[in-house]
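Notes follow the structure.
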Amino acid sequence: MSEQNAQAANRPPIETGCPDAFQYMHPVMRRNYGQWAYHEDPRPGVLKHVAHSGDAIWTIRAGTQRILDVTTLNLLCDIGDEYADGYVRFTIRSNIEYMVDKESKVGPLIVELEKNGFVVGGTKKFCGNDISYTGLVALRYSWNRCIRGCESYDG
Amino acid sequence: MADKHNTPMLDELEHGPWPSFISGIKRLRDQHPQERISNMANSLLGQLEHSYETRKGYWKGGTVSVFGYGSGIIPRFSEVGDAFPESREFHTLRVQPPAGNYYSTSMLRQLGESWEKHGSGLQTFHGQTGNIMFIGSTTENTQHFFDEINEYGWDLGGAGPCVRTGMCCVGAARCEQSNIDEIKIHRTLLNNFTDDVHRPALPYKFKFKVSGCPNDCVNSIERADCAIIGTWRDDMKVDQEEVKDFVEKKGRKYVIDNVITRCPTNCLSLKDDDTLEVDNRNCVKCMHCLNVMPKALSPGDDKGATILMGGKRTLKVGDLMGTVVVPFMKLDTEEDYEKLTELAEETIDFWAENGLEHERCGEMIERIGLVNFLDGIGLEVDPNMVADPTTSSYVRMDGWDDEAEKWFKEKLQAAEA
């Protein structure tokens, strides 16, 4: 293929930027956006948020290995579909959070997560996920990908 | 598959209760139906073990991009590719997540499927830059993977000297302390600078981060060149019945030791009838009492944002926290959002003109002085712009009278206008 043809075969990018979050948000969160009244901490790794409308949502937080293989990602999704409502979010420390609209779903979800080796916790005064920039927990992931290995991270 | 590499040192990382990424890569090697992926995983484990043995990294950068963009891919070529050929090219794609990091499981599966088709099957939600990191693609496949996910709504993030992918906290979607619409601010700013995200043309990186309250759950003050932090300027709301309830449940000693005496400016007082008195004028919004008593205390009604500039981690000069450049601005109407976007544009333009190569905005401010920076972005100096709340009663008085006269004159002009 000539260079010109190779160029023509390339498709111009669609510059959509940052995607809309509401389409992926739990309906209870969508309904009560900006209308939350208070939260409680039923147990480590679980948060209960109550809205002015009286709606409540439970968040179950679990630690992951951060670098997820696709098998683990699918497992997390399976758990989310069967024991939660199919909506998740990630904290900035790469913990996964499942949101459910009924208290009765909390217990079985925690059992399932722990059965599969995930650590439920990391809310309030408990130890959270240990994170690394791709080159910060220097002697670990850095060799996996980062060229700057042991140098400091200037984020 | 070729012979499995022995990984005695990596195996050590599989011990303990925390899920292990080594076990994950091994799952890809041993169980994944696609030979391409299992070979890639085997090769990667081999190189990583080699790195552990020799205590050296073997990744080199380079130039890889997708058609039309100049950034978003972190190229990695192996220096020991002959020994570990299947992971010889192991580039990372940075993809912008939805503001607030929300996903449906079906979307996660779809992304995973696309990545299995073209990449290594390893990904991180999310890197410290706030991006989804798809780790491990050949040069050719970066384009195929991007084409596929771009068609269903995903775009690359920033890498290199450009506007970087933003971050915002969970915010109004699930938090009672939220003072602003974090998701809207995040998307308004980032998507205004889409061109600057994809085409690196700045002195160095520029980050936006949005936190809904001064708890600053995304560390914007430490990390972001432009931090938007929600706050309020009227009195915090106190539900006295809930305060009484809290005192009854926890006891006076607990409340005094853990709430009242922990107020950094001593503006809380527990009265004899177990109600709370707040000296709002001296509140520095440290958020401690609101965090401990979320049912009883909440932010006020007159909400808005504080804008800080120049935060960054260490580089030319050490870690810098953001400096307040706009003490308070309302973010309710479209005009307010326009004002915010204009301020961001002014800042990036001024820094692009005046910043040295590889110099973060905060370092430029250190070099040229805050007054010159403010002048450059068209903001008036205001006594409310504080780097830190004062902890000493010592005040410098040189030039005081001139400045005071100027201040009152400005006030008068503003009142007349």
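Coordinate-derived values only; no laboratory data. Keep in mind the model is a prediction, meaning the values are calculated, not measured. Here Cβ is always computed from backbone atoms with ideal geometry, including for glycine, and neighbour counts include all displayed protein chains.
Under 5 Å between amide hydrogens, which residues at least 5 positions from B:ASP155 or on another chain qualify, with H placed 1.01 Å from N in the peptide plane?
Residues meeting the criterion, in which the H sits 1.01 Å from N, are B:GLN96.
Do any cysteines in chain B lack another Cys Cβ under 4.7 Å, and if so which?
B:CYS162, B:CYS168, B:CYS175, B:CYS213, B:CYS226, B:CYS263, B:CYS267, B:CYS283, B:CYS286, B:CYS289, B:CYS361
Tell me the net charge near B:ILE368. Cut-off is 14 Å between Cβ atoms, B:ILE368 excluded, with +1 for each Lys or Arg and -1 for each Asp or Glu.
Numbers: positive: B:LYS316, B:ARG360, B:ARG367; negative: B:GLU353, B:GLU359, B:GLU363, B:GLU366, B:ASP375.
Neighbour charge sum, excluding B:ILE368 itself: -2.
Considering Cα pairs under 8 angstrom that are at least six residues apart, work out the relative contact order of the stretch B:231-351 and quote it in whole percent. Walk me through the numbers before you get to the answer.
On the way: 150 pairs, mean separation 32.7, N = 121.
Once divided by the residue count of the stretch B:231-351, the mean separation gives 27 percent.
Per residue of B:46-54, how many C-beta atoms from partner chains lie within 10 Å of its own C-beta, taken as a mean? Kindly include the intermediate steps, with their values, before the conclusion.
On the way: counts 0, 2, 5, 1, 1, 6, 3, 0, 1.
For this peptide, the per-residue mean of nearby foreign Cβ atoms is 2.
Which one of B:VAL66, B:THR275, B:ILE260 has its Cα pushed farthest toward the positive end of the charge dipole of chain B, where Lys and Arg give +1 and Asp and Glu give -1 at the Cβ?
The listed residue farthest towards the positive side: B:VAL66.
When the Cα centres of the stretch B:226-248 and the stretch B:92-147 are compared, how far apart do they sit, in Å?
39 Å
Which links in A:LYS115/B:LYS249; A:LYS48/B:LYS253; B:LYS4/B:LYS56; B:LYS60/B:LYS184 stretch past 30 Å when you go from one Cα to the other? Could the numbers behind the result be given before it?
Details: A:LYS115/B:LYS249 35 Å; A:LYS48/B:LYS253 26 Å; B:LYS4/B:LYS56 21 Å; B:LYS60/B:LYS184 38 Å.
Beyond 30 Å between Cα atoms: A:LYS115/B:LYS249; B:LYS60/B:LYS184.
Provide the per-residue ³J(HN,Hα) series for the stretch B:15-22, in order, calculated from phi with Karplus coefficients 6.51, -1.76, 1.60 and θ = phi - 60°, each as a whole number of Hz, with x at glycine and proline positions.
6, x, x, 6, x, 10, 6, 5
Which whole-number percent of Cα pairs in the protein assembly as shown have a distance greater than 49 Å? Numbers along the way, then the final one.
Numbers: 21766 of 163306 pairs.
When every Cα pair of the protein assembly as shown is considered, 13 percent fall beyond 49 Å.
Placing +1 on the Cβ of each Lys and Arg and -1 on the Cβ of each Asp and Glu in chain B, which of B:TYR204, B:ASN384, B:THR347 has its Cα farthest towards the positive end of the resulting dipole?
Toward the positive end, the furthest listed residue is B:TYR204.
Choose one of B:ASN141, B:SER104, B:ASN6: the residue whose Cα lies farthest towards the positive end of the charge dipole of the stretch B:1-158 (beta-carbon charges +1 Lys, Arg; -1 Asp, Glu; about the Cα centre).
Comparing the listed Cα positions along the dipole, B:SER104 ranks first.
Hey, fewest Cβ within 10 Å first, where do B:SER269, B:SER65, B:SER120 land in order? Spell out each step's value before the answer.
Working: B:SER269 12, B:SER65 21, B:SER120 29.
So the residues, fewest neighbours to most, are B:SER269, B:SER65, B:SER120.
Would you work out the charge dipole size for the stretch B:237-298 about its Cα centre, treating the Cβ of every Lys and Arg as +1 and the Cβ of every Asp and Glu as -1, and quote it to the nearest 20 debye? The partial results should precede the final answer.
On the way: 11 positive and 11 negative charges, 61 e Å.
With Lys and Arg at +1 and Asp and Glu at -1, about 300 debye.
So what are the ³J(HN,Hα) numbers for the stretch B:324-338, from phi and the Karplus equation (6.51, -1.76, 1.60; θ = phi - 60°), rounded to whole Hz, Gly and Pro as x?
Per residue, the Karplus-derived 3J(HN,Hα) values read 5, 10, 10, x, 7, 9, 6, 10, 10, 9, 4, 5, 4, 5, 4 Hz.
Sort B:ARG360, B:ARG281, B:ARG27 so the one with the fewest other Cβ atoms within 10 Å of its own Cβ comes first. Working shown, then result.
Details: B:ARG360 25, B:ARG281 8, B:ARG27 18.
Ordered from fewest to most neighbouring Cβ atoms within 10 Å, B:ARG360, B:ARG281, B:ARG27 come out as B:ARG281, B:ARG27, B:ARG360.
Taking the Cα atoms only, what angle lies between the long axis of helix B:182-192 and the longest principal axis of chain B, rounded to 10 degrees?
Helix B:182-192 sits roughly 60 degrees off the main axis of chain B.
Just for the Cα atoms in the stretch B:258-309, what are the lengths along the principal axes, largest first, rounded to whole Å?
In descending order, the Cα extents are 42, 20, 19 Å.
Relative contact order of chain B, please, whole-number percent, based on alpha carbon pairs below 8 angstrom and at least 6 residues apart.
Working: 732 pairs, mean separation 44.0, N = 417.
This gives 11 percent for chain B.
Scan around A:ALA37 for amide H atoms under 5 Å from its own, H built in the peptide plane at 1.01 Å from N, and keep only partners 5 or more places away or cross-chain.
Counting only residues 5 or more places away or on other chains, the set is A:VAL50, A:ALA51, A:HIS52.
Calculate how steeply helix B:139-151 sits against the longest principal axis of the alpha-carbon atoms of chain B, using the helix alpha-carbon long axis, and give the answer as 0 to 90 degrees to the nearest 10.
Value to nearest ten degrees: 50.
Please report B:CYS283, B:CYS162, B:CYS226 as a ranked list, fewest other C-beta atoms within 10 angstrom at the top and most at the bottom. Write out the running numbers ahead of the final one.
On the way: B:CYS283 19, B:CYS162 23, B:CYS226 26.
Going from least to most buried by this count: B:CYS283, B:CYS162, B:CYS226.
Do you know the relative contact order of the stretch A:20-124, to the nearest whole percent, from alpha carbon pairs under 8 angstrom that are 6+ apart? Before the final figure, lay out the partial values.
Details: 165 pairs, mean separation 31.3, N = 105.
Relative contact order, the stretch A:20-124: 30 percent.
Please average, across the residues of A:72-82, the number of beta carbons from any other chain that are within 10 Å of each residue's own beta carbon, and give a whole number. Working shown, then result.
On the way: counts 10, 12, 6, 1, 4, 8, 2, 1, 6, 4, 1.
That average works out to 5.
Only Lys, Arg, Asp and Glu count, each charged at its Cβ (+1, +1, -1, -1), so figure out the dipole size of the protein assembly as shown about its Cα centre, rounded to 20 debye.
Values: 63 positive and 87 negative charges, 346 e Å.
Dipole size: approximately 1660 debye.
Can you run phi through the Karplus equation (6.51, -1.76, 1.60; θ = phi - 60°) for the stretch A:82-95 and list ³J(HN,Hα) in whole Hz, with x for Gly and Pro?
Along the stretch A:82-95, the couplings run 7, 9, 10, 9, x, 10, 9, 9, 10, 6, 5, 9, 6, 7 Hz.
Expressed as a whole number of Å, what is the distance separating the alpha-carbon centroids of the stretch B:60-79 and the stretch B:317-375?
Taking the Cα centre of each part, the stretch B:317-375 and the stretch B:60-79 sit 29 Å apart.
Test of understanding: in a Gaussian network model of chain B with alpha carbons linked when under 10 Å, which of B:GLU148, B:GLU405, B:GLU176 would top the mean-square fluctuation ranking?
B:GLU405
How big is the dipole moment of the stretch A:20-124 about its Cα centre under a simple scheme where the beta carbon of each Lys and Arg is +1, that of each Asp and Glu is -1, and everything else is neutral? Debye, nearest 20, please.
On the way: 12 positive and 14 negative charges, 69 e Å.
For the stretch A:20-124, the charge dipole is close to 340 debye.
Restricting to lysine pairs 8 or more places apart or on different chains, what number in the stretch B:283-390 have Cα atoms under 26 Å apart?
12
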